[in-house]
Structure formats: C-alpha cells, structure tokens
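Chemist: There's a structure below that I have some questions on.
The values are calculated or read from the model by the stated rules, or taken from the named source; none is laboratory data. This is a predicted model, so every value here is computed, not measured. With ideal geometry, Cβ positions are generated from the backbone for all residues, glycine too; neighbour counts draw on all protein chains shown.
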Ligand code: GLU
C-alpha cells in the first residue's frame with residue numbers, strides 16, 4: 001500500500017490567517033489519520049510578492065499551531081531547474097507557444113471580438129498568438145520582445161484523450177481543462193508558473209493526496225492534463241470548503257484581524273486558534 005503523503009503549500013506573500021490554518025490542519029490531519037507523511041512546501045516563485053520574512057513568520061506560526069512536517073522544506077525558488085526541464089519536455093511535444101500579448105492587447109482583442117468565453121477566473125485568453133507563423137515568433141523573440149509561454153490546451157487534449165480525476169468530497173470528475181483556456185505556464189524570464197510548479201513539485205515530492213481549498217478546484221482540471229502530458233500518476237484530491245468572515249466573504253490576507261499572529265498576540269492559545277480554524281478536537 002502507498003503511504004499517504006499530503007502537503008500544505010503556502011505562498012509567503014503575507015501573514016497566514018485562519019483560512020490557511022484550516023487548510024494546513026486539514027492536510028496535516030489527513031496524513032496523520034492515515035499514518036502517513038505531511039510536507040510543507042514554500043511556493044515562492046514570484047519574487048515581487050514573496051518575502052523571506054513572511055516565510056519565516058509562517059513557519060513559526062505553523063509550529064506554534066502544533067503542526068509538524070518533514071525537513072527539509074522544499075522552497076520552489078530553489079528548484080526552478082526541475083520546472084524548466086519539464087517545460088522543455090512540453091515544448092518538445094509542441095503543446096506550448098509564445099504569446100506576446102500584453103494585458104491591454106488581450107482586453108482589446110476581447111472587446112473587438114464582441115464576446116469572450118469566460119472561465120472561473122474571468123475571460124479566457126482569445127488565442128491571438130496561438131497560430132502565429134514560426135518566422136514571426138522568431139523575429140519577435142530575436143528583437144527582445146517580452147513573452148509568456150502558454151499551453152495549447154486543445155492540442156494537448158487531443159494528445160491525451162479524455163481524462164478523469166478523483167476528489168474525495170465530490171467524487172470522480174471528467175477533466176475539462178479548456179474551461180481555463182490557454183493558461184500561462186512560464187514567462188520569458190521565469191521558467192514556471194503556479195500551475196506548472198505545483199504539478200511538477202507534487203509529483204517530485206511523491207504527494208499522493210492533494211488537499212487544498214475549493215477555490216483551486218478548477219485548477220485541478222488543468223493539473224490533470226499536465227500530469228497526463230508529463231506521464232505522472234495523478235494524486236487523489238480533497239478540495240475543502242473555505243472559511244468565511246462575518247460578512248460571508250472568504251478570508252483574505254488583508255483580514256489582518258484574523259491573522260494567526262494577531263490572534264496569538266491577543267492571547268489565544270494554539271488549541272483555541274485550532275478550534276477557530278474548525279479543528280476543535282485537539283491536535
Ligand atoms: N500556493 C498556493 C496558494 O498559496 C496553493 C497551492 C496548492 O495548494 O495547490 O494559494
């Protein structure tokens with residue numbers, strides 16, 4: 001039998017709040033209940049938003065909360081070569097193309113078309129650069145233009161055929177990655193993105209059960225496609241409900257009052273904070 005391996009994968013872009021505590025405890029519990037292993041992964045690929053002090057603070061907050069995890073902690077920024085290598089494999093398969101559009105170009109193209117298919121995160125990329133002739137691509141790259149590398153989802157799907165993935169709360173799901181459109185997998189100077197990094201690292205780290213908030217449910221459709229292209233066994237998934245504030249909005253890093261730091265400074269014990277995060281029966 002395979003050991004259950006779960007992980008919590010925060011981005012150090014702010015202080016952890018109760019929603020993060022819920023997610024971390026959810027993954028930790030799933031591993032402990034199964035006699036398995038729990039990992040912490042730092043998703044710090046965005047140097048503009050991630051800060052070492054947030055990483056230090058989140059590690060301290062999670063330990064204070066009573067969580068334990070395996071060492072060493074994988075920090076994504078130290079493994080960009082792994083992501084780059086998998087990106088190159090996808091490029092070799094012909095399912096990645098350079099996109100030179102700025103946000104403004106995309107908005108203008110959508111306005112020009114008069115309508116745009118929408119996905120869970122808003123209008124989809126209209127495909128402007130998908131079929132650019134190779135000569136134009138090369139010319140623009142040689143001229144030093146900035147570009148993103150996008151996945152040609154239709155082409156990728158044609159290669160993999162139908163795919164499914166399993167969610168412990170919602171059952172088997174038919175993968176429909178086209179609902180996200182041709183997502184960005186990397187950029188000219190960054191060989192990875194959330195989608196590529198998370199898929200590659202979950203595979204490399206042997207994660208067997210991905211637990212995370214239901215806000216990432218749709219992303220899993222795409223991750224399943226990347227797994228199939230790269231020849232990975234898919235993990236099992238459990239997308240959990242999100243904690244909400246008094247107004248019914250999902251907690252965000254700006255809800256400072258609910259940060260684990262502020263609750264701790266206000267004198268709450270780890271057990272009390274675990275209970276606030278939905279885990280009242282002790283750790
Ligand atoms: N790093 C992501 C975030 O902080 C979560 C990644 C995941 O659990 O798949 O939102």
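Chemist: If the requirement is being surrounded by 12 or more Cβ atoms within 10 Å (Cβ to Cβ), in contact with a strand residue (DSSP E or B) (Cβ under 7 Å, 6 or more places away or on another chain), free of Cβ contacts under 8 Å to residues at least 60 places away in the same chain and within 20 Å of residue 27 (Cβ to Cβ), which of these qualifies: 60, 55?
Modeler: After ruling out the rest, the residue left standing is 55.
Chemist: If you go through the range 11-20 one residue at a time, how many are in a helix (DSSP H, G or I) and within 13 Å of the ligand (Cβ to nearest atom)?
Modeler: Qualifying residue count, the range 11-20: 2.
Chemist: To continue, here is another question. Could you check the range 1-17 and list, in sequence order, the residues that are more than 21 Å from residue 75 (Cβ to Cβ), touching a residue at least 40 places away in the same chain (Cβ under 8 Å) and out of contact with any strand residue (DSSP E or B) (no Cβ under 8 Å at 6 or more places or on another chain)?
Modeler: Going through the range 1-17, the residues more than 21 Å from residue 75 (Cβ to Cβ) turn out to be 1-4, 17.
From the residues that got through so far, the ones that are touching a residue at least 40 places away in the same chain (Cβ under 8 Å) too are 2-4, 17.
If the condition is that a residue be more than 21 Å from residue 75 (Cβ to Cβ), touching a residue at least 40 places away in the same chain (Cβ under 8 Å) and out of contact with any strand residue (DSSP E or B) (no Cβ under 8 Å at 6 or more places or on another chain), then 2 is the only one that fits.
Chemist: Can I ask one more? Does the range 265-281 contain any residue that is surrounded by 15 or more Cβ atoms within 10 Å (Cβ to Cβ), at pLDDT below 95, more than 16 Å from the ligand (Cβ to nearest atom) and part of a helix (DSSP H, G or I)?
Modeler: Yes, the conditions are met somewhere in the range 265-281.
Chemist: Quick one: in the range 25-52, which of the residues that are touching a residue at least 40 places away in the same chain (Cβ under 8 Å) and near the ligand (Cβ under 10 Å from one of its atoms) is surrounded by the fewest Cβ atoms within 10 Å (Cβ to Cβ)?
Modeler: Filtering the range 25-52 for residues that are touching a residue at least 40 places away in the same chain (Cβ under 8 Å) and near the ligand (Cβ under 10 Å from one of its atoms), the one surrounded by the fewest Cβ atoms within 10 Å (Cβ to Cβ) comes out as 43.
Chemist: Same structure again: Within the range 176-224, take every residue that is more than 16 Å from the ligand (Cβ to nearest atom) and not in a helix (DSSP H, G or I) and give me the one that is nearest to the chain's Cα centre (by Cα).
Modeler: Only one residue tops the list, namely 186.
Chemist: Would a scan of the range 2-12 turn up a residue that is surrounded by fewer than 21 Cβ atoms within 10 Å (Cβ to Cβ) and modelled with pLDDT under 95?
Modeler: Taking every residue of the range 2-12 in turn, at least one turns out to be surrounded by fewer than 21 Cβ atoms within 10 Å (Cβ to Cβ) and modelled with pLDDT under 95.
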